[in-house]
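Engineer: The structure that follows is given in the form of structure tokens.
The values are calculated or read from the model by the stated rules, or taken from the named source; none is laboratory data. Keep in mind the model is a prediction, meaning the values are calculated, not measured. For neighbour counting, all protein chains shown are included, and Cβ atoms are generated from backbone atoms with ideal geometry for every residue, glycine included.
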Amino acid sequence: MLATTCVYAGAEQVAADTLQLSDVTVTAIKQGVGNASATATTAIGRREAERNDVAGVKTAATLVPNFFIPDYGSRMTSSIYVRGMGTRIDQPAVGLNVDNVPVMCKENYDFDLMDVARIEMLRGPQSTLYGRNTMGGLMNIYTLSPSQWQGTRAMATYGSRNLYKLGLSHYTRPSSKWALGVTAYYMGNDGEFRNQHNGRLIDWERQGSGRFKLEWRPSTSLMLTNVFTASASRQGGYPYEQVGAGHIAYNDTCFYRRTSVMDGLTIVKSWDRATLSSITSYQYLDDNMTLDQDFTSLPYFTLTQARREHAVTQDVVVRGARNQRYRWMGGIFGFYRHMDMNAPVTFKDTGIAELIERHVNEAIPAYPVAWDTRSFLLGSDFTMPMWGGAIYHQSELDWNRFTFTAALRLDYEHTTLNYHSETHTGYDIIQAATGTVFVHEAIDIDDRGTLKKDFVQLLPRFGITYHLNDPANRIYLTVARGSKAGGFNTQMFSDVLQQRLMRMMGIGLAYNVDEIVSYKPEKAWNFELGTHLETWQGRFIIDADIFYMDCRDRQLTVFPDGLTTGRMMTNAGQTRSYGAEVSMLLRPTLHTTLNASYGFTHATFEHYNNGKADYSGKYVPYAPSHTLWAEALHEFTLSSSDWARSLTLAANVSGAGRIYWNEDNTLHQPFYALMGASATLAGKHYSLQVWGRNLTGTSYSTFYFMSIGHEFLQRGHGRSFGATLRLQF
């Protein structure tokens, strides 16, 4: 039987590490082996999540110090920054588990869940236990258990910009051996940002999902949980406005669609002195991102990125008895992923004229060129099978008031990229003096190849925890090494093909495919000193920590040399991050709660020279220096009536900044704060909440980038209001 550690989240207690065989409930299978975690952790309970409309990764991160997920582009762009770590594309810096199942693809991180029971966010490297892409932290999301709660729940939301959300779930326990739950959810909105080129709202969205959760206990020592989830998302997105113009205006359609399926099976077998857990998952993703890649009203070029991915994971965890002076846990993990992608770029009239013909004709004015057609395709498609395995162990030893922790993980990963790039087009070379065609040149490029990479990582972790007089109070020191996987820049193949085409005309660059397409793993050492203190019978709680992270082979999103249109991941030398985090909970009365968290990060390049400029000492772009969350609420008891038992008034503020947009730190978003408030009337079987967000109408930007010499940004969401009705029977 696992011990229980309770942490406060808002005004409620939440079990952060629980295994209750009698209730067929499994959570936090790998989160520590002792009773006090030496990790900076924020827990969000069900009532706090519902009060603040926390239904997924982006909204949850707002409540956590030094966690930042900007809302821009579409649900595909789940860029996560924590303690200065993070990148815009490819591998994430933070892992995500949903009901113990690791979500393998970052593009599938951003989704809404109904009936979230608890969310835990662990900051700092979690690579020793959780492996790839958890060097910045880990988010665990748990949904409602049908063995713990039975009945029917429904919700309906309506708000500004025709926002609506509808959800229905039912949980039942037909016998003491098994329980099941079924959930359906649908949402949509008309959008906020308008494309001035055609007058249409472009950031509309429709999303639907279903979940089936089965929990079965055939005996007192064996339990099985299976969660099947299917979801579909369709949206416009990408409301990027050109800097200086002050409005959005592009001529080609942008959209993102995603269909995903995930099934996770957790099996736990318990003996007197050990517990064996198995977590098996299958994941499927089918998505399509289509962009007006130049984001102007001129016909430059468009991009489509259509992908299908299958993934299988297996984790086996063995742990000894919990209530011992020496405790241990170990396991093995393996995964296989297979991705097929088609990513064509279509060059159109203006793109041909400005990016190809003009440069050639300026270089050789006596013999200008004219393309055969005013549109042609740069085709890129590839397959990427990858697999990996790991073995890990963690031990804890109690000595007087100290707990010593040591852990080690050995990770191996193999990635293969099979690529095919082609284009078939042509152009005339004209003799300027006579205006006649001098010669016709046909372009037929058909490149195929295979790239392979192997990565091996050794990831240790050490910790010391000192327990004060009260067992709930502690001070801890940890040293851990984290890693983020290397890989391939799949978005660069169209640019490689474009450069080869232009080199045939005498103006392109000679790219080395292996060098520009692949990048190495990112590695970091994290040093952390923190404390958890409770007093006044648990009515005042404070968590605080300071950290220092030394990162090598830092992965950074950059624009390649040449007349290209894409972006790529590169290893940008060394960065360092240091800072502090503090979270406080105060309950001055039984019905009043004050909750606040603040994070500070100073993340700079220690060494980074891209051959054109030396950015050493500059701030790392896109990672905020400060994050803030504060909430105050008071619950008024009205009567014992089923219809009006309580009224809860709440107000909150969230903030982030300064955020630098480029490596030379000439552009930035200052710190901004967003105000919110809500009033909730609750009865026995319902609650009705009226809410408002960004009440002051604060103007801020969430994203900045450049494309073919043009600057673009995305504005944050403006003021909005709405109401949410929840029913429970």
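Engineer: Among the residues of the range 315-337, which ones are crowded, with 19+ Cβ neighbours inside 10 Å and aliphatic (A, V, I, L, M)?
Structural biologist: Correct list: Val317, Met329.
Engineer: Here is a follow-up. If you take the residues of the range 372-402 that are among the hydrophobic types (A, V, I, L, M, F, W, C) and farther than 30 Å from Ile464 by Cα, which of them is farthest from the chain's Cα centre (by Cα)? Working first, answer last.
Structural biologist: Going residue by residue through the range 372-402, those that are among the hydrophobic types (A, V, I, L, M, F, W, C) are 376-378, 382, 384, 386-387, 390-391, 397, 399, 402.
Restricting the remaining residues to those that are farther than 30 Å from Ile464 by Cα gives 376-378, 382, 384, 386-387.
Numbers: Phe376: 35, Leu377: 32, Leu378: 30, Phe382: 24, Met384: 21, Met386: 21, Trp387: 21 Å.
For the range 372-402, the residue satisfying everything is Phe376.
Engineer: Filtering the range 66-84 down to residues that are among the β-branched types (Val, Ile, Thr) and assigned to a loop (DSSP other than H, G, I, E, B), which residue is modelled with the lowest pLDDT? Spell out how you get there, then give the answer.
Structural biologist: Pass one, the range 66-84, residues among the β-branched types (Val, Ile, Thr): 69, 77, 80, 82.
Those still in the list that are assigned to a loop (DSSP other than H, G, I, E, B) too: 69, 77, 80.
On the way: Ile69: 93, Thr77: 85, Ile80: 91.
Filtering the range 66-84 for residues that are among the β-branched types (Val, Ile, Thr) and assigned to a loop (DSSP other than H, G, I, E, B), the one modelled with the lowest pLDDT comes out as Thr77.
Engineer: Still on this structure, please answer the following. Could you tell me whether Val26 is modelled with pLDDT under 75 and surrounded by 23 or more Cβ atoms within 10 Å (Cβ to Cβ)?
Structural biologist: Values: modelled with pLDDT under 75: yes; surrounded by 23 or more Cβ atoms within 10 Å (Cβ to Cβ): yes.
Against the criterion (modelled with pLDDT under 75 and surrounded by 23 or more Cβ atoms within 10 Å (Cβ to Cβ)), Val26 qualifies.
Engineer: Between Asp447, Asp428, Asp495, which is acidic (Asp, Glu) and farther than 16 Å from Gly379 by Cβ?
Structural biologist: On the way: Asp447 fails: farther than 16 Å from Gly379 by Cβ; Asp495 fails: farther than 16 Å from Gly379 by Cβ.
Exactly one of Asp447, Asp428, Asp495 is acidic (Asp, Glu) and farther than 16 Å from Gly379 by Cβ, namely Asp428.
Engineer: While we're on this one: Could you count how many residues in the range 477-501 are basic (Lys, Arg) and within 30 Å of Trp525 (Cβ to Cβ)? Give the steps one after another, and end with the answer.
Structural biologist: As a first pass, look at the range 477-501 and keep what is basic (Lys, Arg): 481, 484, 500.
Next, only the ones that are within 30 Å of Trp525 (Cβ to Cβ) stay: 481, 484.
Residues meeting the conditions: 2.
Engineer: Sticking with this one: May I ask you to list the residues in the range 709-725 that are more than 21 Å from the chain's Cα centre (by Cα) and part of a strand (DSSP E or B)?
Structural biologist: Hits for the range 709-725 are His710, Glu711, Phe712, Ser720, Phe721, Gly722, Ala723, Thr724, Leu725.
Engineer: Across the range 617-636, what is the total count of residues that are closer than 30 Å to Arg576 by Cβ and exposed (fewer than 14 other Cβ atoms within 10 Å of the Cβ)?
Structural biologist: Total satisfying the criteria: 1.
Engineer: Which condition breaks for Asn361 when tested against (1) without any contact (Cβ under 8 Å) to a residue 12 or more places away in the chain; (2) within 19 Å of Ala230 (Cα to Cα)?
Structural biologist: (2)
Engineer: Hey, among the residues in the range 403-418 that are among the polar types (S, T, N, Q) and surrounded by fewer than 18 Cβ atoms within 10 Å (Cβ to Cβ), which one's farthest from the chain's Cα centre (by Cα)?
Structural biologist: Asn418
Engineer: I want to confirm something. Restricting to the range 32-53 and keeping residues that are out of contact with any strand residue (DSSP E or B) (no Cβ under 6 Å at 6 or more places or on another chain), surrounded by fewer than 22 Cβ atoms within 10 Å (Cβ to Cβ) and in a loop (DSSP other than H, G, I, E, B), which single residue is modelled with the highest pLDDT?
Structural biologist: The qualifying residue modelled with the highest pLDDT is Asp53.
Engineer: Let me ask you something else. Can Ser231 be described as crowded, with 17+ Cβ neighbours inside 10 Å, among the hydroxyl-bearing types (Ser, Thr, Tyr), in contact (Cβ under 8 Å) with a residue 24 or more places away in the chain and out of contact with any strand residue (DSSP E or B) (no Cβ under 6 Å at 6 or more places or on another chain)?
Structural biologist: So Ser231 fails the test.
Engineer: Shifting gears a bit: I'd like the full set of residues that are at pLDDT below 95 and among the β-branched types (Val, Ile, Thr), limited to the range 668-701.
Structural biologist: Selection gives nothing.
Engineer: Tell me whether the range 661-673 contains one or more residues that are surrounded by fewer than 21 Cβ atoms within 10 Å (Cβ to Cβ), touching a strand residue (DSSP E or B) at 6+ places or on another chain (Cβ under 7 Å) and aliphatic (A, V, I, L, M).
Structural biologist: Yes, the range 661-673 contains at least one residue that is surrounded by fewer than 21 Cβ atoms within 10 Å (Cβ to Cβ), touching a strand residue (DSSP E or B) at 6+ places or on another chain (Cβ under 7 Å) and aliphatic (A, V, I, L, M).
Engineer: Still on this model: For Ala306, state whether it is touching an Asp or Glu at 6+ places or on another chain (Cβ under 8 Å), surrounded by fewer than 19 Cβ atoms within 10 Å (Cβ to Cβ) and closer than 17 Å to Gln491 by Cα.
Structural biologist: yes
Engineer: Then there's this: Among the residues of the range 345-363, is there at least one that is under 30 Å from Ala485 (Cβ atoms) and crowded, with 20+ Cβ neighbours inside 10 Å? Outline the logic, then answer.
Structural biologist: At the first step, the residues of the range 345-363 found to be under 30 Å from Ala485 (Cβ atoms) are 345.
Filter once more, so that each one left must be crowded, with 20+ Cβ neighbours inside 10 Å: 345.
Yes, because at least one residue in the range 345-363 is under 30 Å from Ala485 (Cβ atoms) and crowded, with 20+ Cβ neighbours inside 10 Å.
Engineer: Anything in the range 524-551 that is part of a strand (DSSP E or B), surrounded by fewer than 20 Cβ atoms within 10 Å (Cβ to Cβ) and of a type in the set (Gly, Ala, Ser)? List them, or say none.
Structural biologist: Ala544, the sole residue that qualifies.
Engineer: If you go through the range 272-286, how many residues are buried (at least 22 other Cβ atoms within 10 Å of the Cβ) and touching an Asp or Glu at 6+ places or on another chain (Cβ under 6 Å)?
Structural biologist: 1
Engineer: Do you know which residues across the range 370-388 are part of a loop (DSSP other than H, G, I, E, B) and charged (D, E, K, R)? Outline the logic, then answer.
Structural biologist: Applying the first criterion (part of a loop (DSSP other than H, G, I, E, B)) to the range 370-388 yields 372-375.
Those that are part of a loop (DSSP other than H, G, I, E, B) and charged (D, E, K, R): Asp372, Arg374.
Engineer: Run down Arg719, Arg715 and say which single residue is crowded, with 17+ Cβ neighbours inside 10 Å and at pLDDT 95 or above.
Structural biologist: Just one listed residue meets the conditions, Arg715.
Engineer: Check whether at least one residue in the range 259-271 is aliphatic (A, V, I, L, M), surrounded by 17 or more Cβ atoms within 10 Å (Cβ to Cβ), farther than 25 Å from Arg173 by Cα and modelled with pLDDT of 95 or more, and report yes or no.
Structural biologist: There is no residue in the range 259-271 that is aliphatic (A, V, I, L, M), surrounded by 17 or more Cβ atoms within 10 Å (Cβ to Cβ), farther than 25 Å from Arg173 by Cα and modelled with pLDDT of 95 or more.
Engineer: Out of the residues in the range 199-209 that are without any contact (Cβ under 8 Å) to a residue 40 or more places away in the chain and assigned to a loop (DSSP other than H, G, I, E, B), which is nearest to Asp71 (Cα to Cα)?
Structural biologist: So, considering only residues that are without any contact (Cβ under 8 Å) to a residue 40 or more places away in the chain and assigned to a loop (DSSP other than H, G, I, E, B), the one nearest to Asp71 (Cα to Cα) is Asp203.
Engineer: Can you tell me how many residues in the range 307-328 are at pLDDT below 95 and of a type in the set (A, V, I, L, M)?
Structural biologist: Within the range 307-328, residues that are at pLDDT below 95 and of a type in the set (A, V, I, L, M) number 1.
Engineer: Moving to a separate point now. When you look at Pro146, is it over 30 Å from Leu477 (Cβ atoms) and crowded, with 23+ Cβ neighbours inside 10 Å, yes or no? Outline the logic, then answer.
Structural biologist: Numbers: over 30 Å from Leu477 (Cβ atoms): yes; crowded, with 23+ Cβ neighbours inside 10 Å: yes.
The answer is yes for Pro146.
Engineer: Could you tell me whether any residue of the range 80-94 is over 19 Å from Thr601 (Cβ atoms), buried (at least 24 other Cβ atoms within 10 Å of the Cβ) and in contact (Cβ under 8 Å) with a residue 24 or more places away in the chain? First the steps, then the outcome.
Structural biologist: Of all residues in the range 80-94, those over 19 Å from Thr601 (Cβ atoms) come to 89-91.
With the extra rule that they be buried (at least 24 other Cβ atoms within 10 Å of the Cβ), the set shrinks to none.
No: zero hits.
Engineer: Moving to a separate point now. Filter the range 637-660 down to residues that are touching a Ser or Thr at 6+ places or on another chain (Cβ under 6 Å) and under 19 Å from Glu48 (Cβ atoms) and give me whichever is surrounded by the fewest Cβ atoms within 10 Å (Cβ to Cβ).
Structural biologist: Ser646
Engineer: Can you tell me which of Gly188, Gly208 is out of contact with any Ser or Thr (no Cβ under 9 Å at 6 or more places or on another chain), of a type in the set (Gly, Ala, Ser), at pLDDT 95 or above and surrounded by fewer than 20 Cβ atoms within 10 Å (Cβ to Cβ)?
Structural biologist: Testing whether each residue is out of contact with any Ser or Thr (no Cβ under 9 Å at 6 or more places or on another chain), of a type in the set (Gly, Ala, Ser), at pLDDT 95 or above and surrounded by fewer than 20 Cβ atoms within 10 Å (Cβ to Cβ) leaves just Gly188.
Engineer: Within the range 419-439, take every residue that is more than 22 Å from Thr346 (Cα to Cα) and of a type outside the set (Val, Ile, Thr) and give me the one that is surrounded by the most Cβ atoms within 10 Å (Cβ to Cβ).
Structural biologist: Phe438
Engineer: Spot the failing condition for Trp271; the list is (1) touching a Lys or Arg at 6+ places or on another chain (Cβ under 7 Å); (2) over 30 Å from Tyr700 (Cβ atoms), and only one is missed.
Structural biologist: Of everything listed in (1) touching a Lys or Arg at 6+ places or on another chain (Cβ under 7 Å); (2) over 30 Å from Tyr700 (Cβ atoms), Trp271 misses just condition (1).
Engineer: Something else: Based on what the data block shows, is Asn195 crowded, with 20+ Cβ neighbours inside 10 Å, closer than 22 Å to Asp71 by Cα, touching a helix residue (DSSP H, G or I) at 6+ places or on another chain (Cβ under 6 Å) and modelled with pLDDT of 95 or more? Walk me through it before giving the result.
Structural biologist: On the way: crowded, with 20+ Cβ neighbours inside 10 Å: yes; closer than 22 Å to Asp71 by Cα: yes; touching a helix residue (DSSP H, G or I) at 6+ places or on another chain (Cβ under 6 Å): no; modelled with pLDDT of 95 or more: yes.
For Asn195, the condition - crowded, with 20+ Cβ neighbours inside 10 Å, closer than 22 Å to Asp71 by Cα, touching a helix residue (DSSP H, G or I) at 6+ places or on another chain (Cβ under 6 Å) and modelled with pLDDT of 95 or more - is not met.
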